[in-house]
1. Could you please find all residues in the range 88-106 being modelled with pLDDT of 95 or more, outside any loop (DSSP other than H, G, I, E, B) and not hydroxyl-bearing (Ser, Thr, Tyr)?
2. What's the number of the only condition in (1) of a type in the set (Gly, Ala, Ser); (2) in a helix (DSSP H, G or I); (3) closer than 30 Å to GLU209 by Cβ that ALA122 fails to meet?
3. Please go through the range 262-294 and give me each residue that is crowded, with 21+ Cβ neighbours inside 10 Å and modelled with pLDDT under 95, ordered by number.
4. Residue check, LEU111 against (1) open to solvent by 90 Å² or more (accessible area, probe 1.4 Å); (2) of a type in the set (A, V, I, L, M, F, W, C); (3) in a helix (DSSP H, G or I), all met but one. Which one?
5. So which of GLU31, GLU22 is open to solvent by 20 Å² or more (accessible area, probe 1.4 Å), more than 17 Å from LYS9 (Cβ to Cβ), at pLDDT 95 or above and among the charged types (D, E, K, R)?
6. Which of the numbered conditions does HIS86 fail, given that it passes all the others? Conditions: (1) touching a helix residue (DSSP H, G or I) at 6+ places or on another chain (Cβ under 8 Å); (2) open to solvent by less than 10 Å² (accessible area, probe 1.4 Å); (3) not small (Gly, Ala, Ser).
7. Go through (1) out of contact with any Phe, Trp or Tyr (no Cβ under 8 Å at 6 or more places or on another chain); (2) farther than 21 Å from THR293 by Cβ for GLY246 and report which single condition fails.
8. If you scan the range 216-236, which residues turn out to be among the charged types (D, E, K, R) and assigned to a loop (DSSP other than H, G, I, E, B)?
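The values are calculated or read from the model by the stated rules, or taken from the named source; none is laboratory data. These figures come from a predicted structure and were not determined experimentally. Because the Cβ atoms are built from the backbone with ideal geometry, glycine has one as well, and the counts that use them run over all protein chains shown. Side chains are part of the model used for accessible areas, which takes the heavy atoms of the whole protein and leaves out ligands, DNA and RNA. Shrake-Rupley method; radii C 1.70, N 1.55, O 1.52, S 1.80 Å.
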Amino acid sequence: MKIAFFDTKPYDKPSFEKYGKEKGITFKYFETKLNEDTVDLANGYDGVCVFVNDTVNAPVIDRLCEMGVKVVALRCAGFNNVDVKHAYGKIHVLRVPAYSPYAVAEHTMALLLTSIRRIHKAYIRTRDFNFSLAGMTGFDLHGKTVGVIGTGRIGRAFIDICRGFGMKILAYDKFRASDLENGGIVKYVELDELFSSSDIISLHCPLTEDTYHIIDEKSIEKCKRGVVILNTSRGALVDAEALLAGIKSRKVGAACLDVYEEESDFFFEDFSGHILEDDILARLISMPNVIVTSHQAFLTEEALSNIAETTVHNIVELFEKNQCPNELCYRGGNAEDCKSGKCF
C-alpha cells in the first residue's frame, strides 16, 4: 500500500517508518498541507494521511475520489477540518480517537502553572542575573475551583491532575459520565454556573456547531473577574477578539492557548524575523498574562508512537477487512464513531 503523507514534520517520520515497514505500507512524505492546490500530489496513492490543519473539504474529497484514493487517514482525534457529511458514501475517513490523553492534560497543567507562578518570566530574569521577585506573586491552586468543559479522556485526565492539587472541579459535558461525580469534589453543572463559579476554565471538548466560540463575549461577561482560560483543544472554541477584549478590560486574568482559530496559517512554521500578519494573535502574544504554544500539547514520544501505530493499524484494518472501528460516519446529521465498522 502507498500512502501520501501531508504536512510532514521531522518528528512524524520515525514512528510512521517503523510501523509502516512492519505492515508493508510505504509513505511518501510531503511537507505541504493537503488542500485544493496540492491534492493532485495524491494521484497514484491508495490513501492520504493528514493532520489538523490539512483541508479535506468537498472539492478535495471529490478530487481524491476521481484519482481512486480510497481512504483519508487522520493522525489526530479531531475532524473539524473534514467535510464528513460530503465524504459519507464516497471515501473512508479514519481517525485516532485517543493517543495520549495524559500528554494533552499534562501540557494544560504545565501552561497553568507556568502562568500563575510566573515561571516563564522567572526564567528570563534569572538568565540575565536578575533575581528580583517584584511582580512575581502568584496564587495557590489548592482550594480553587476549575471548570472543565468536556469530560472525555483528556478532560478526565486533567480532572485527575486537578484533584491531586486539591482543587474543586465543576464539569460540563453534553453527555455526562455517570461515574465521574465524586462527592463535593467533582460536580456536573450547567454552563452558566460553570462560568460564574470557576476561577479557572479549561476546554477539552471537540469543535462542533454547539461548541463553536463557546468562550465569547457573553460567556466571558458571566465569568469571575480575573478568570484564567485554558484552551488545548480546538482554536475556534474561543472567540479570540472577545478574549482579547476580556484581557484588556481585566475581566480575564490570564489565558493559556495551545491552539488558535486561524492557526493553520502560522503554527508549526518558523516566522521569526518576519512580521506576523495576524494582528489579534500578535496582540495576544504581546500580552504579559498570555502564554501561547503552537499546538504542541500532543507532542510526546508516547503520543507520537501511539498515533503512528493506530493510524497504520486503521489503514491495514480497512484494506484487509473492509472495516475499521475508528471510521467516521455521518448518521442522522451527527458525526460519530462507526461502531459497525463497514460504513458503505
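1. Of everything in the range 88-106, those that are modelled with pLDDT of 95 or more, outside any loop (DSSP other than H, G, I, E, B) and not hydroxyl-bearing (Ser, Thr, Tyr) turn out to be HIS92, VAL93, LEU94, ALA103, VAL104, ALA105, GLU106.
2. Failing condition for ALA122: (3).
3. Matches in the range 262-294: GLU263 only.
4. Condition not satisfied by LEU111: (1).
5. Values: GLU31 fails: more than 17 Å from LYS9 (Cβ to Cβ).
One residue alone meets the criteria, GLU22.
6. So HIS86 meets the others, but not (2).
7. Among (1) out of contact with any Phe, Trp or Tyr (no Cβ under 8 Å at 6 or more places or on another chain); (2) farther than 21 Å from THR293 by Cβ, GLY246 violates only (2).
8. Of the residues in the range 216-236, the ones among the charged types (D, E, K, R) are 216-218, 221-222, 224-225, 234.
Scanning the range 216-236 gives ASP216, LYS224, ARG225, ARG234.
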